[in-house]
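Just below is one structure, and these are the notes that go with it.
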Amino acid sequence: MTQAKNSKWFIDYLTPEEGHIHGIKKTLYSGQTKFQAMEIMETGSYGHCLVLDGKMQSSEVDEFIYHEVLVHPAMLLHPAPKDVFIVGGGEGATLREVLRHKTVNHCLMVDIDEEVVRMSEELLPEYHAGAFHDKRTELAFTDARRWLEENDKKYDVIIIDISEPVEEGPAYLLYTREFYKLVWDRLTDEGTIALQAGTTANGKLLNLTAVHKTLQQVFPHVVSMPAAIPSFGLPWGFALASKKNDPKKLTAEAIDKMIAQRVAGELKYYDGEAHRHLMHLPKYVRKAIEEQTIIIEDNAPIFTYN
């Protein structure tokens, strides 16, 4: 057996019985913010990684998969998104992808944890690529749900880039029917919402299936989308919902044409063919969604493993 070169290891615990081990070459930052433990580390296989409360959030090698799937289907489903609202998104990569859309005039990013944003701005420039300083960007550091409750401005797209709901964490009230109804009220007539919804691994589908069923209580068009993100150690899922437009009706040719016309630069993951894949879930996931009866509410939240 070859001797491991790494003397330090990070274990991303997926469940109490399962984890994904990463060899650490260097720790760039480790500290406790007002809201969560934060680490920025350089790993051997995945480059610079952001870890919050012991959970892998993004890796330099494959973050483009996560952020392109999260952002571009929702942005292209709207005919001409000008105003965008990002919930969370601390490392700035979601903002980076939103600003690639030529129609965007203004993007408000509201993250509760300013320290995550500031440390990412300093230590993860490859993630945000200067997006924090784009003239179209507005940053606010507060509770995103309270912001939407207190401000009645409407947005064309709302993208929710937050961690899964863990007990005593700040995110669980951003996964409820009441919150999705608030999002509906803050969207324009053809508005769309996108979010990460947790793993699509068999036996671990509670979050994704409950989110899907809860979104269906509010939106007429809801899809869950699968994507493989190697650094996460499990297959992952995203949710996309729309007031008016059905993402399943978009053809590969239409997606490719819109990307060419509306998106600056070259995408590495998402195109027309990838969109077709995202619209088709495995049979066991479809069955789990169909059988799910849980609707997430403020007074009846769900929590994933922490």
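Quick note: the coordinates plus some simple rules give every number you see, no bench work behind them. Keep in mind that this is a model prediction, so the values were computed, not measured. Using ideal geometry, Cβ is built from the backbone for each residue, glycine included, and neighbour counts are taken over all protein chains shown.
Structure above, values below:
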{"read-out": "Cβ-defined net charge surrounding LYS248, 14 Å radius [Lys, Arg +1; Asp, Glu -1]", "value": "+3"}
{"read-out": "Sites matching GluC sites (Glu not before Pro) across the range 182-268 that sit in DSSP coil, with at most 11 neighbouring C-beta atoms within 10 Å", "value": "GLU266"}
{"read-out": "Residue of PRO230, PRO125, PRO282 that the Gaussian network model of the chain assigns the largest fluctuation, springs spanning Cα pairs under 10 Å", "value": "PRO282"}
{"read-out": "Neighbourhood net charge (13 Å Cβ-Cβ; Lys/Arg +1, Asp/Glu -1) for LYS153", "value": "-4"}
{"read-out": "Proxy reagent accessibility, fewest Cβ within 10 Å first, across ASP62, ASP152, ASP298", "value": "ASP152, ASP298, ASP62"}
{"read-out": "Over 30 Å (Cα to Cα) - which of LYS153/LYS268; LYS26/LYS268; LYS26/LYS102; LYS257/LYS287 fall in this group", "value": "LYS153/LYS268; LYS26/LYS102; LYS257/LYS287"}
{"read-out": "Percentage of interatomic Cα-Cα distances in the range 1-135 larger than 19 Å", "value": "54 percent"}
{"read-out": "Residues whose placed amide H lies under 5 Å from that of LYS25, excluding near-sequence neighbours", "value": "GLU42, THR43, GLY44"}
{"read-out": "In the range 11-75, GluC sites (Glu not before Pro) in a DSSP loop with at most 11 other beta-carbon atoms within 10 Å", "value": "GLU17"}
{"read-out": "Amide H within-cut-off set for ALA197, under 5 Å, with H built and near neighbours excluded", "value": "GLY237, PHE238, ALA239"}
{"read-out": "Neighbour-count ranking [beta-carbon atoms within 10 angstrom, fewest first] of LYS102, LYS181", "value": "LYS102, LYS181"}
{"read-out": "The chain, helix-only ellipticity at 222 nm - DSSP H runs n ≥ 4, -39,500 (n - 2.57), divided by all residues, nearest 500", "value": "-8000 deg cm²/dmol"}
{"read-out": "Debye intensity ratio I(q)/I(0), log10, the range 63-291, q values 0.07, 0.10 Å⁻¹ (C-alpha model)", "value": "-0.19, -0.40"}
{"read-out": "Axial C-alpha extent at least 20 Å, average Kyte-Doolittle at least -1.0 - helices from the chain (DSSP)", "value": "63-77"}
{"read-out": "Reachable aspartates and glutamates from LYS181, criterion Cα separation under 13 angstrom, eight or more residues apart if same chain", "value": "GLU149, GLU297, ASP298"}
{"read-out": "GNM flexibility winner over the chain from ARG177, ARG96, ARG145 (Cα, springs under 10 Å)", "value": "ARG145"}
{"read-out": "Kirkwood-based shape ratio for the range 234-298, expressed as Rg/Rh from alpha carbons", "value": "1.05"}
{"read-out": "Radius of gyration, Dmax [the range 128-244; alpha carbons; angstrom]", "value": "14.9, 45"}
